[in-house]
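The values are calculated or read from the model by the stated rules, or taken from the named source; none is laboratory data. Source: prediction; values computed, not measured. Every residue, glycine as well, gets a Cβ built from its backbone with ideal geometry; the counts of neighbours run over all protein chains shown. To get the accessible areas, we keep the full protein, side chains included, count just its heavy atoms, and leave off ligands, DNA and RNA. Shrake-Rupley method; radii C 1.70, N 1.55, O 1.52, S 1.80 Å.
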Amino acid sequence: MEQSENIVRLLEMLDNPDKFSDSEIREAVDGDSELYSRLVEIKRAQNAPKDVDVDDAWKRFEQERLSEPKILKFRKSILLRAAAVLIAALLTGGLSYAAIKHFVINETTETEQVATEGKPLSVQNVNNKTDNAPIAAEPIVFDNVQLSEILDKIAKHYGFEVVFSNKNAKKIRLYLQWNPQEPVENVIEKLNMFERFSVKRDGQKIVVE
Amino acid sequence: MHDKRLLERIFKAHYPKMLRIAKSLLYNDKEAEDVVFDVFAKMCGRDMDFSEGKTEAYLSMAVRNSCLNIIKKQKLRERIQKLYPLEDEIVGDDEIDRAQLIAEYIETKIQEPEKSILKLRFVDDLTFKEIALRLEMNINTVYKYLTVSIDKIKEHFKAN
């Protein structure tokens with residue numbers, strides 16, 4: 001293949017890598033490895049941080065990573081409530097042991113939290129899921145999977161409903177890497193990089209057009 | 001490390017460089033910051049030698065390794081789409097300094113429409129087809145401008 005043809009092929013691959021096999025991609029990169037290195041260099045240059053606000057960064061770091069682990073606050077609040085119930089029961093003498101146990105157990109199962117050292121937490125309520133759900137730490141890779149299947153999984157994770165205004169888009173196969181810890185807006189932004197459909201959020205719905 | 005003030009001092013002294021290292025590999029602001037925050041957070045509760053040279057060396061290595069681990073977990077197609085290095089690449093101070101110089105060269109010496117094409121592709125992550133539509137030109141013209149600007153950058157830095 002001529003040099004100029006290889007360059008065009010490589011540039012096409014940058015935009016639509018899922019249309020090519022791994023060996024085709026490798027062949028194109030190896031055919032002009034210097035070009036790929038130059039592209040990486042320019043990407044690095046264009047994304048170098050400019051002004052860094054260190055004080056602002058420290059505040060974010062404090063809030064996200066150094067706040068008292070929420071699991072401790074959670075346990076404290078449950079213990080305090082349980083203690084209040086017991087004291088009330090003792091004072092009134094009217095509550096049975098079974099009633100106290102029922103109340104404490106229901107309070108503890110209302111919300112669930114997962115705490116890991118230094119990681120940000122979010123509360124996942126049975127009736128009102130938040131956008132940020134701390135489940136898997138590892139990214140999930142969808143390799144040549146239909147969009148309908150991908151969105152079913154993603155939407156379920158965030159507690160959203162999926163609506164396909166564009167029925168044809170359901171069967172489009174994609175390669176997508178998804179980190180369940182990232183906010184749903186990031187995922188929607190990634191999906192909108194694909195040209196054959198567009199995705200938007202409408203309240204608690206993900207709409208595909 | 002149990003002293004928050006010590007951590008704050010170390011954080012503020014080293015954060016800018018660590019962010020530069022992370023961004024030089026991952027490009028994305030949030031992803032780069034997450035890696036850097038993770039590294040600093042792991043320092044909490046550890047007994048370490050915090051003498052100046054050793055702290056920077058430890059942090060640099062930890063940030064680089066975290067970034068490279070993220071890149072390695074991605075398949076070839078995603079790596080190429082994000083323009084991640086495809087082989088294990090050493091991105092040291094020289095490469096970061098060079099990136100800064102290239103950025104300045106693009107800002108001051110590259111003319112339009114090449115400058116816009118570089119920004120739209122490498123910062124805004126538009127596809128070449130989207131760039132062609134935005135700038136109202138044929139996609140092959142976009143490719144041509146891109147390769148011309150790459151050659152200019154290459155020649156300038158070869159000469160210097």
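Under the condition of being away from every other protein chain (no Cβ under 11 Å), in contact with a Leu (Cβ under 9 Å, 6 or more places away or on another chain) and touching a residue at least 24 places away in the same chain (Cβ under 8 Å), the residues counted in the range B:118-144 number 0. Between B:84, B:105, the distinction of being touching a Leu at 6+ places or on another chain (Cβ under 8 Å) and without any contact (Cβ under 8 Å) to a residue 60 or more places away in the chain belongs to B:84 only. The number of residues in the range A:11-36 that are open to solvent by less than 60 Å² (accessible area, probe 1.4 Å) and within 30 Å of the chain's Cα centre (by Cα) comes to 11. All told, residue A:174 meets the bar of being under 30 Å from residue B:35 (Cβ atoms) and touching a residue at least 60 places away in the same chain (Cβ under 8 Å).
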